[in-house]
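Encoded as structure tokens, the structure appears first; notes follow it.
The values are calculated or read from the model by the stated rules, or taken from the named source; none is laboratory data. Predicted model, so just to flag it, every value in this text is computed and none were measured. Methodologically, a virtual Cβ is constructed for each residue, glycine included, from the backbone with ideal geometry; neighbour enumeration extends over all protein chains shown. These accessible areas exclude ligands, DNA and RNA; they are computed on the full protein's heavy atoms, side chains included. Shrake-Rupley method; radii C 1.70, N 1.55, O 1.52, S 1.80 Å.
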Amino acid sequence: MDSFLGHWKPNAIVIMESELWPNLIMGASERGITLALLNARVSTKSFKRWSGPLLLPLVSLMLSKFSLIVPLSNMQAIHFQLLHAPPFVINFSGDLKYVVEEFDISEGEIRSIEDLKVHLAHRKVWMASSIHKGEEEVILGIHKVLMQQYPDVLTIIVPRHPQHGKEIAQQLWKEGHSVALRSQHDKLVGDTNLYVVDTLGELKHLYRLTPVAVIGGSFLPTLSGHNISEAAAAGCAVLTGPYVGHFSRMVLEMQRLNPLSVLQVSGKIELEDALKKLFSDAKILEAHRTAAKQVYHSLSTGIVGKVWSLLDFQILQRALS
């Protein structure tokens, strides 16, 4: 860390969420480098550990080196104050995870997405994204049930890790299923009911292909959820499981504005019932999709501007003066 800071000599360092590394923070402070912590959060487990007599002096010392701390929520702000963060450096801007910006993709990728749109135009489609090992059993079990009622249903599975996608596809092929694998550029032929996405960096664009998005990482007690804002921004009806970790704040915040914006289910049976309801009534599906997009826009508006204003005033002007 000393070598890195000595070589690059940064004027300021912006740290995200809970990446509080003592060598980085103390080394930066010794060199007069201004520090900011954005979307600041500390888990309940870490807060209890850091509040103890052994670690509190170190944590307090680290937090005293920051010129700006932007907590994820009021409760997180209280946690940081109880950990002895200076109150005058704590400011609010909104959750940066709501910021879903456009970025360039290649013509080939655009063409691939457009081709998929054509193939999916007249089918019942739903996506299970950011799936972890073990959750595919839930998703595939529901897929089999939906197939009985909607023989043309297409289930898109996007594992959190691409290798997991290959493993899912290979197992399904062994069982005799017709599966398309995205990395192999497989076409969605007539009897293909499962599309496994084993690539990176496409999820935000793939959300635009499906009216329904089930966010994984939330159906096993060892998991703690994933960001639901990208699916909401794309206008999907958004569903998630019971285990969402610190994303519970985002779920509650969206539900407070409109209960239809995010549907949190208790497990496989509730998820199955919810999907059947969405597929059986176009008006209900559209209401959920509209609610998700409207709530997303309401919560995301102005966040980048607020964060930039805080960084400019509290960090950059000071670091560059």
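Residue farthest toward the positive end of the dipole of region 1-155, with Cβ of Lys/Arg at +1 and Asp/Glu at -1: which of Ile78, Val89, Val99?
Ile78
Give a quick list of trypsin sites (Lys or Arg not before Pro) in region 76-128 that DSSP marks as loop, anything other than H, G, I, E or B, with at most 14 other Cβ atoms within 10 Å.
Hits after loop and neighbour filter: Arg123.
What FRET efficiency comes out for the pair Lys48/Lys306, r = Cβ-Cβ distance, R0 = 35 Å, nearest 0.05?
Numbers: r = 31 Å, r/R0 = 0.87.
FRET efficiency, Lys48 to Lys306: 0.70.
Taking the chain as the region of interest, what is the percent of Cα-Cα pairs per 20 angstrom bin, listed from the shortest bin to the one with the maximum distance?
Whole-percent P(r) values from 0 Å outward: 29, 50, 21, 0.
For the chain, set up a GNM with springs between Cα atoms under 10 Å and report which of Val153, Val189, Val89 has the largest fluctuation.
Checking each option, the largest mean-square fluctuation is seen for Val189.
Given a cut-off of under 8 Å on Cα pairs at least six residues apart, what relative contact order in percent is computed for the chain? If you can, show how the numbers build up before the last one.
Values: 495 pairs, mean separation 49.8, N = 321.
Relative contact order here is 16 percent.
Using the crude model of +1 on Lys and Arg Cβ and -1 on Asp and Glu Cβ, and no other charge, please compute the dipole size for the chain relative to its Cα centre, in debye to 20.
720
Taking the Cβ of Asn23 as the centre, find all other residues whose Cβ is under 13 Å away and add up their charges (Lys, Arg: +1; Asp, Glu: -1).
Once positives and negatives cancel, what remains is -1.
Given q = 0.17 Å⁻¹, what are the Debye log10 I(q)/I(0) values for region 1-61, with equal point scatterers placed on the Cα positions and solvent ignored?
Reported log10 I(q)/I(0), two decimals: -0.64.
State in Å² the accessible area per residue of region 1-92; use a 1.4 Å probe, count heavy atoms of protein chains only, and round to the nearest integer.
54
Using unit Cβ charges (K, R positive; D, E negative) and no other charged atoms, how large, in debye to the nearest 20, is the dipole of region 136-177 about its Cα centre?
80
In the neighborhood of Ala292, defined by Cβ-to-Cβ distances under 12 Å, what is the net charge if each Lys or Arg adds +1 and each Asp or Glu adds -1? Kindly include the intermediate steps, with their values, before the conclusion.
On the way: positive: Arg289, Lys293; negative: Glu230, Glu286.
Neighbour charge sum, excluding Ala292 itself: 0.
Could you calculate the FRET efficiency of Ala287 with Lys204 from 1/(1 + (r/R0)^6), where r is the beta carbon distance between them and R0 is 22 Å, rounded to 0.05?
Values: r = 23 Å, r/R0 = 1.05.
Once the sixth-power term is evaluated, E becomes 0.40.
How large is the charge dipole for region 171-267, taken about the Cα centre, if only the Cβ atoms of Lys, Arg (+1) and Asp, Glu (-1) carry charge, to the nearest 20 debye?
Here the size comes out at about 200 debye.
Cα-Cα over 29 Å: which of Lys283/Lys306; Lys65/Lys97; Lys268/Lys306; Lys124/Lys268; Lys45/Lys293?
From the list (Lys283/Lys306; Lys65/Lys97; Lys268/Lys306; Lys124/Lys268; Lys45/Lys293), the Cα-Cα distance tops 29 Å for Lys283/Lys306; Lys268/Lys306; Lys45/Lys293.
Mind pulling the angle between the C-alpha long axis of helix 248-257 and the longest principal axis of the chain? Nearest 10 degrees, somewhere in 0 to 90.
70
Could you please put Phe247, Phe88, Phe4, Phe313 in sequence from largest to smallest accessible area, using a 1.4 Å probe?
Phe88, Phe313, Phe4, Phe247
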